[in-house]
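Student: Below is a structure I'd like to ask you about.
The values are calculated or read from the model by the stated rules, or taken from the named source; none is laboratory data. If you're wondering where the values come from, they're calculated on a predicted model, not measured in any experiment. All Cβ positions, even for glycine, are placed from backbone atoms using ideal geometry, and neighbour counts span all protein chains on display. Only protein heavy atoms, including side chains, enter the accessible area calculation; ligands, DNA and RNA are left aside. Shrake-Rupley method; radii C 1.70, N 1.55, O 1.52, S 1.80 Å.
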Amino acid sequence: GAFPEDHADYRDWAPARFAEAQIRSLVRQVFFPGRPKPPRHVVFSAVDESTYVAQICMEVAKDLSAQVTGSVCVVEANPHNPELENVFWRKDETAGDSDALGSLRSGSQNVCANLWLAPLKLLLGANPERLAGDSLARRFSDFRLEFDYTVFHGPPAGCYSEAALLGHLSDGVALVLEANSTRRATALRAKETLQATQTRLLGVVLSERTFPIPERIYRKL
């Protein structure tokens, strides 16, 4: 249930402030976990196709870019529903093409000082219709060389095997579950699919919560 009305955390809670704190905590847990060689290139993938992940990817990228001095790129990597690009790409601005190593920024839009948004075509490269092949692995290497951190908006892991491929090429996957919607069995199948390809599961994100929950409970999710 929700906090009792006299609980200090309840009195101080405001939706925007709570959401900001959760994103900050998520960035800290994924990118700064306190272990050797922390991940820098991460795929965020939903379990269900209906779960909205684009906003999480953008907010994570913005918060990360504010905490680091290096370059950050949030990348559209879902050919089935490129909602990150559809929602956040500024249609009134153009970006050049990028076919050569070291020119990915020219094909991206600058969101703020050290943050860029890369469209799907920049990732697909020689495979304009699907995520597959050696060219995708080379493209991932290009992004690693060009940007210090990347946040990939991947396809749903519970629906498409491409999520495991992206996770295998990156430093790991953060799996997004939708509160009161994602079925446990579906989430477990997605987790097993990732593990079968030796993809590193960095954590589970619970989205669409309508009220705050105590930190001690959140840590168990």
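Student: For residues in segment 123-134 being surrounded by 12 or more Cβ atoms within 10 Å (Cβ to Cβ) and assigned to a helix (DSSP H, G or I), which is modelled with the highest pLDDT?
Tutor: That would be L123.
Student: Inside segment 150-207, can you point out the residues that are among the basic types (K, R) and assigned to a loop (DSSP other than H, G, I, E, B)?
Tutor: R183, R200
Student: Is it true that E49 is open to solvent by 90 Å² or more (accessible area, probe 1.4 Å) and at pLDDT 70 or above?
Tutor: Yes: the conditions hold for E49.
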